[in-house]
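The values are calculated or read from the model by the stated rules, or taken from the named source; none is laboratory data. This is a predicted model, so every value here is computed, not measured. Here the Cβ positions follow ideal geometry from the backbone for every residue, glycine too, while neighbour counts run over all protein chains shown. Accessible surface areas use protein heavy atoms only, side chains included; no ligands, DNA or RNA. Shrake-Rupley method; radii C 1.70, N 1.55, O 1.52, S 1.80 Å.
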Amino acid sequence: MAIRLFQSQTSMFCEKVRVVFAAKKVPYEIVDVRKDERKSLIEFSGQRKVPSMDYNGQCVIDSTVISALLEKDYPASSIYPDGAASKGLCLALEDWSDEVLIHANHAMRRAETPDARKQAEGQWATHFNALEQMYSGKKFIFDHMTIADVAIFAQLHYLYTTVKYEIPANYKNVLAFMENMRQTLKLNSLADSFDARSL
């Protein structure tokens, strides 16, 4: 049976999973939930959340759970660093990205007044400052691209692809990280969403 990914192209969490699939060179089919207003997704999974995966008949929901399952069954090109302490930090950063950066993204996207925009930019400034330190002198947080980098990239990339907001020029380490990820993922520009099937 084939692996099917129920997804929306613009979802940062779906992009996160697409990068993991590509890094591990795992073949899969895409089901675009927008084409049938999520009917096929609801029929298969009984719910509306993406990404959802039909894993040889098993329903797997949530980008973190999907990524962990792919790591277990396809351990080559690991998305985690070596060592328990590093893996714990990696998982914490993945969760921070998924649960905290997403709110900054939503605030920026929904900012309809100058005050709301200023507040959203202030929120992002706090996160950019943290990321600036994390990526100081580093291509990746650990010794290779991990799920922490992928999760962070997916949130920052959403700023370019959906919010249409570019990271300010003074965050040089963050911009260098984004350029490194652009090259790693073979994107022509940061305005493009990632849909390659392998890396």
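Here Phe140 qualifies as closer than 18 Å to Ala22 by Cβ, modelled with pLDDT of 95 or more and part of a loop (DSSP other than H, G, I, E, B).
Go through the stretch 12-44 and count every residue that is of a type in the set (Gly, Ala, Ser) and either on the phi > 0 side of the Ramachandran plot or modelled with pLDDT of 95 or more (or both).
First pass over the stretch 12-44, keeping only residues of a type in the set (Gly, Ala, Ser): 22-23, 40.
Within this subset, residues satisfying the condition of being either on the phi > 0 side of the Ramachandran plot or modelled with pLDDT of 95 or more (or both) are 22-23.
Residues flagged as of a type in the set (Gly, Ala, Ser) and either on the phi > 0 side of the Ramachandran plot or modelled with pLDDT of 95 or more (or both) within the stretch 12-44 amount to 2.
For residues that are assigned to a strand (DSSP E or B) and of a type outside the set (A, V, I, L, M, F, W, C), scanning just the stretch 1-13, find the one that is most open to solvent (accessible area, probe 1.4 Å). That would be Arg4. Candidates are the residues of the stretch 105-144 that are of a type in the set (Ser, Thr, Tyr) and under 20 Å from the mean Cα position of the chain (by Cα); the one that is most open to solvent (accessible area, probe 1.4 Å) is Thr126. Hey, could you check the stretch 162-199 for residues that are part of a helix (DSSP H, G or I), open to solvent by 30 Å² or more (accessible area, probe 1.4 Å) and out of contact with any helix residue (DSSP H, G or I) (no Cβ under 6 Å at 6 or more places or on another chain) and say which is nearest to Leu101 (Cα to Cα)? So the residue we want is Thr162. Looking at the stretch 14-69, which of its residues are farther than 24 Å from Ala148 by Cα, in a helix (DSSP H, G or I) and open to solvent by 10 Å² or more (accessible area, probe 1.4 Å)? Of everything in the stretch 14-69, those that are farther than 24 Å from Ala148 by Cα, in a helix (DSSP H, G or I) and open to solvent by 10 Å² or more (accessible area, probe 1.4 Å) turn out to be Lys39, Ser40, Ile42, Glu43, Phe44, Ser45.
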